Amino acid sequence: MRLFERGPELAALSEYLEDTRDGTGALALVGGEAGAGKSALVSAFLADVAVPVVAGVCDGATTPRPLGPVIEIAAQLEVDAALARDELFAAILTALRRQSTVVLVEDLHWADDATADFLLYVGRRLDRVPAMLIGTYRDDEIRSNAALTRLIGELARLGVARRIPVCSLTESGVASMVTGSSLDPAEVFRQTSGNPFFVTECLAAGSSSPGTVRDVVLARTARLSARGRRALDVASQLGLRFDADVLIEASGTDADGVDDCVEQGMLVTFGAELGFRHELSRSVIATEIPPIRRATVNRAILRVLEQRRGVDVARLADHAAAANEGDCAFRYGQEAGRAAADLGAHREAVHHYRTALRFASSRPAAERAELLDALAAECMVTDQMDEALTAAEEALRLWNEVGDPIKVGATHVALEYISWYLGQGDATVQHASQAVAILEPYGPTVELGRALAGAGTFEVDRGDPHQVTVTLRRAIEIAHLVGDPSAESNALNSIGWAHSYYYGDVDTGVTYLEQALQVALAHGLGHLGGRAYANLASVLVDNDRFDRADTVLAEGLRYAEDHNLTLRYVCVTAVLADSELKRGRWDDAIADAWAVRQRAGTVAVGHIPALTILGTIKMRRGEPDAHATLLEAMQLAERTEELPLIAPVALALTEEAWLRGDLAGARDLIRRVLDRSDQPVTIQQRGHLTSWAVRLGEHHDAPAGTPGHLALQINGRWQEAADAWHALGRPYERALALIEVKTPTALTQAFDILDRLGAGAAAALAAERLRSVGERVPRGIRPSTRANPAGLTSREIDVLQLVVDGLTNAEIAAKLFVSDKTVEHHMSRILGKLGVASRREAARTARQLDLAIPRDASESRDHGAG
């Protein structure tokens, strides 16, 4: 098929393929409206490439088959598609490393969650794979598809995606297409707006009068025989491409009409398969089928597919639902939901469970409760917490009706987690205690072990940590008895948290957390692995062990993304933002806090740290909405009734009150937290609060276990505290300590640090104190030297320099002692600020703007070793 007006797009694809010759992969996202000619463009490009091509297609006719295109690609690469998900991804990546390859995934707007995970998995490793990935998608459907939205956003953030827009044809292009026909080019352009598919259909229909794709397609079907038209109905329910034998069998007495469909060009051959030229044609035919006939057609298809081996259960579920075959729809829907969940296609699992629920009204209460439990679990994963809560509450009602105490207790466990994510503190505690009380009389069971682990987890930050540890150790004993690694990992996690934050024994706490992580990883416990990563990173960051924290954060973020663990990704990213805040990398902290806000969705506890970090930086920079941001964080924190979530917000509000001179208000905020006897605060938080009380003029002794740098402040040894903060890599805290030293030298140092950080509020305070002792205030850094023509931060300049030197993200991360994830964030912002799409363009622009000095790459690597 001849292409018109696609020269620049073909040239871009050829350039991106050429870029892979150095062993670094490329990703091209070919986007355009339906019918724009995306597939035709890619087909023309692939016809001339000299490297192997593997391809898979996302099907939009039914609920996406989990990993459908990935399984197709695996078969072409001779990779065993029956491997477990993580092993399958790794095996495909290994195959792609062997030789330069083009990997095509068509129709990403229909991608399932697991396929999106695969593309992200490969996309994050493209710097080590000589492959070109091409994805086609309808760019007008990005917002309506959560998986596509996440995929496009993440790939753009990684800086590896190059977008190739496929636009409609000009009037001249349409005229070229219709040359030789009897059609009026101007009228065809007016009717089609230059959409190549519409133009092609007008040519096939021999008319430019139809005004919509529906009219164009139906005009062509008028040429079919009655049997051909009925066979086309069946084809429309099978998908874009399908097995010809299935169509023939399902068409029954209308099977002879299949040939008519092919002869008239309504169906075309694709190797051993038949299919439609375009999804638009298929969908038009499908929507024209009356409801009763649609059910009849799908019933015929279902009967044929049930007789075949290896048919994906998701197809059976969709055809059964369309046929209104209640028993089959319920059974296949449950099976399809479980299969999708196992592969990480959680949104597809939710769809199948919802479908099964539509046909569940006549099922026994126990079966409906099981289905609702499964739906609640998947809704939790996909951040649909309100629906998760509704489903779990209905499951609890049904289990009580059935009279199954074990199931009642297990559902209370689920509800305690849902309530916690929603920030409902009272409900969390009630469900946790009810679960244990109900399950205790029935002895050691999996459910009791998990109930004890959950109860202990939610009581760590509320009750007596020592008593909670007893509960958690019981959970571990039961977990060993019944062989449940889930309860074991969860309990180890919480014991590690208690040791780190309440016993002051960080090393022991870290050991427990590492054990929790090992158990979770060894048994494929995704969310518990994510929890262990988040908690381990949090403990390390809160104890200023940043080098080790960087490694854990990088691993945790990669793990959460590879396993589509949105909630855990939010938690780990929040810790990353806190680490950046503490180290004075405020622009990075803001970017990550906003990422948390965007991904946290209905998870209230995810928004609390993000809002606290954003409010803290705004407050330090003197931005007017800082107070409102911190108040929003406090409102959410107080709903949880968990003091460890409330205390950080109280500390930020205390600092804000101090900076504006409201010392009484600052003291009141501290006292309200320290005087609470219903819950403990962590050793770290008590040390910070007490230190602020001393700064505000009160006298206190350092609480037992207080970290050394905080104890120095509490004891009034501010210069030593400043030196300690400097050694830990905490510039802002060092500057605040220097302000309290009050000597001209210390105040000048404080002003310089705060000015460089952009901490205007505290810098003004340091300047005021300098004047009070008769010293001149330093001029400070001029805005022109704080930025540059591209608006890059100093850290972004550092990263860009290393890009110019030819280093990979991993090498940059090692050299700057940061995580791969942090480098990815930097690269995304650098590309955006420079207005370029690739690292090569960024390096070129850097040289043009004199933002970086080219050095020999080997010299750069040698420097990184030192």
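General observations
- Every residue from the stretch 96-141 that is closer than 17 Å to ILE71 by Cα, in contact with a strand residue (DSSP E or B) (Cβ under 8 Å, 6 or more places away or on another chain) and of a type in the set (A, V, I, L, M): LEU96, VAL102, VAL103, LEU104, VAL105, LEU108, ALA111, LEU119, VAL122, LEU133, ILE134
- Matching residues, the stretch 50-70, being over 27 Å from GLU201 (Cβ atoms), aliphatic (A, V, I, L, M) and surrounded by fewer than 18 Cβ atoms within 10 Å (Cβ to Cβ): ALA50, VAL51, VAL53
- Residue list for the stretch 515-530, filter: within 18 Å of PHE458 (Cβ to Cβ) and at pLDDT 95 or above: ALA516
- Cβ pairs under 6 Å, 6+ apart, first in the stretch 306-331 and over 17 Å from PHE359 (Cα atoms), second open to solvent by 20 Å² or more (accessible area, probe 1.4 Å): ASP312/ARG65
- Filter result (outside any helix (DSSP H, G or I) and surrounded by fewer than 22 Cβ atoms within 10 Å (Cβ to Cβ)) within the stretch 411-441: LEU422, GLN424
- Test result for ALA857, closer than 25 Å to TRP594 by Cα, modelled with pLDDT under 65 and surrounded by fewer than 17 Cβ atoms within 10 Å (Cβ to Cβ): no
- Matching option when the condition is of a type outside the set (D, E, K, R) and open to solvent by 20 Å² or more (accessible area, probe 1.4 Å), among ALA47, ALA36, ALA74, ALA26: ALA47
- Selection status of ARG227, over 44 Å from the mean Cα position of the chain (by Cα), within 30 Å of VAL297 (Cα to Cα), charged (D, E, K, R) and surrounded by fewer than 22 Cβ atoms within 10 Å (Cβ to Cβ): yes
- Selection count where residues are among the charged types (D, E, K, R) and under 15 Å from ALA345 (Cα atoms), scope the stretch 60-79: 1
- Here VAL446, VAL408, VAL402 are screened, and the one residue that is open to solvent by less than 20 Å² (accessible area, probe 1.4 Å), modelled with pLDDT of 95 or more and either among the basic types (Lys, Arg) or more than 30 Å from the chain's Cα centre (by Cα) (or both) is VAL408.
- Any chance GLY780 is within 23 Å of GLU623 (Cβ to Cβ), at pLDDT below 80, assigned to a loop (DSSP other than H, G, I, E, B) and touching a Phe, Trp or Tyr at 6+ places or on another chain (Cβ under 8 Å): yes
- Considering the stretch 18-67, and only residues there that are under 26 Å from the mean Cα position of the chain (by Cα) and free of Cβ contacts under 8 Å to residues at least 60 places away in the same chain, the residue that is nearest to ALA336 (Cα to Cα) turns out to be CYS58.
- Selection count where residues are within 13 Å of GLN264 (Cα to Cα) and at pLDDT 90 or above, scope the stretch 170-225: 2
- Here is the figure for the stretch 479-511: residues that are in a loop (DSSP other than H, G, I, E, B) and open to solvent by 50 Å² or more (accessible area, probe 1.4 Å) total 2.
- Failed criterion for ALA255 (all others in (1) without any contact (Cβ under 8 Å) to a residue 24 or more places away in the chain; (2) open to solvent by less than 70 Å² (accessible area, probe 1.4 Å) hold): (1)
- Beta carbons closer than 6 Å, at least 6 apart along the sequence or on distinct chains, pair a first residue in the stretch 265-294 that is within 13 Å of LEU232 (Cβ to Cβ) with a second that is of a type in the set (Lys, Arg) and not in a helix (DSSP H, G or I) for VAL268/ARG277; GLY275/ARG241.
- Considering the stretch 366-399, the residues that are more than 18 Å from LEU528 (Cα to Cα), without any contact (Cβ under 8 Å) to a residue 60 or more places away in the chain and acidic (Asp, Glu) include one that is most open to solvent (accessible area, probe 1.4 Å), namely GLU393.
- Set side by side, the residues ASP127, ASP117 differ, and just one is touching a residue at least 60 places away in the same chain (Cβ under 8 Å), assigned to a helix (DSSP H, G or I) and either under 16 Å from SER43 (Cβ atoms) or open to solvent by less than 10 Å² (accessible area, probe 1.4 Å) (or both), which is ASP117.
- From GLY496, GLY526, GLY530, residue being over 26 Å from ALA84 (Cβ atoms) and either among the small types (Gly, Ala, Ser) or touching a strand residue (DSSP E or B) at 6+ places or on another chain (Cβ under 7 Å) (or both): GLY496
- Criterion applied to THR690, THR745 was being hydroxyl-bearing (Ser, Thr, Tyr), out of contact with any Lys or Arg (no Cβ under 7 Å at 6 or more places or on another chain), in a helix (DSSP H, G or I) and open to solvent by 30 Å² or more (accessible area, probe 1.4 Å), and the one residue passing it is THR745.
- Scanning the stretch 450-477 for residues that are touching a Ser or Thr at 6+ places or on another chain (Cβ under 8 Å) and assigned to a helix (DSSP H, G or I) gives ARG450, LEU452, ALA453, ALA455, GLY456, THR457, PHE458, GLU459, VAL468, LEU472.
- Yes/no for GLY606 being open to solvent by less than 10 Å² (accessible area, probe 1.4 Å) and modelled with pLDDT of 95 or more: no
- Selected residue [open to solvent by less than 80 Å² (accessible area, probe 1.4 Å), among the acidic types (Asp, Glu) and more than 23 Å from ARG241 (Cα to Cα)] from GLU273, GLU325, GLU348: GLU325
- Once the stretch 623-659 is narrowed to residues that are over 29 Å from the mean Cα position of the chain (by Cα) and without any contact (Cβ under 8 Å) to a residue 12 or more places away in the chain, the residue that is least open to solvent (accessible area, probe 1.4 Å) is GLU623.
- Test: residue in the stretch 767-781 that is in contact with a helix residue (DSSP H, G or I) (Cβ under 7 Å, 6 or more places away or on another chain), surrounded by fewer than 22 Cβ atoms within 10 Å (Cβ to Cβ) and under 25 Å from VAL673 (Cα atoms): no
- When the stretch 496-514 is limited to residues that are of a type outside the set (Gly, Ala, Ser) and under 29 Å from the mean Cα position of the chain (by Cα), the one that is modelled with the lowest pLDDT turns out to be TYR501.
- Wholly within the stretch 157-239, helices (runs of 4 or more DSSP H) carrying at least 1 residues that are within 30 Å of ALA321 (Cα to Cα), of a type outside the set (Gly, Ala, Ser) and without any contact (Cβ under 8 Å) to a residue 12 or more places away in the chain: 213-221
The values are calculated or read from the model by the stated rules, or taken from the named source; none is laboratory data. If you're wondering where the values come from, they're calculated on a predicted model, not measured in any experiment. Neighbour counts are summed over all protein chains in view; Cβ atoms, including those assigned to glycine, are modelled from backbone coordinates with ideal geometry. Accessible surface is based on the protein model in full, side chains and every heavy atom, while ligands, DNA and RNA are left aside. Shrake-Rupley method; radii C 1.70, N 1.55, O 1.52, S 1.80 Å.
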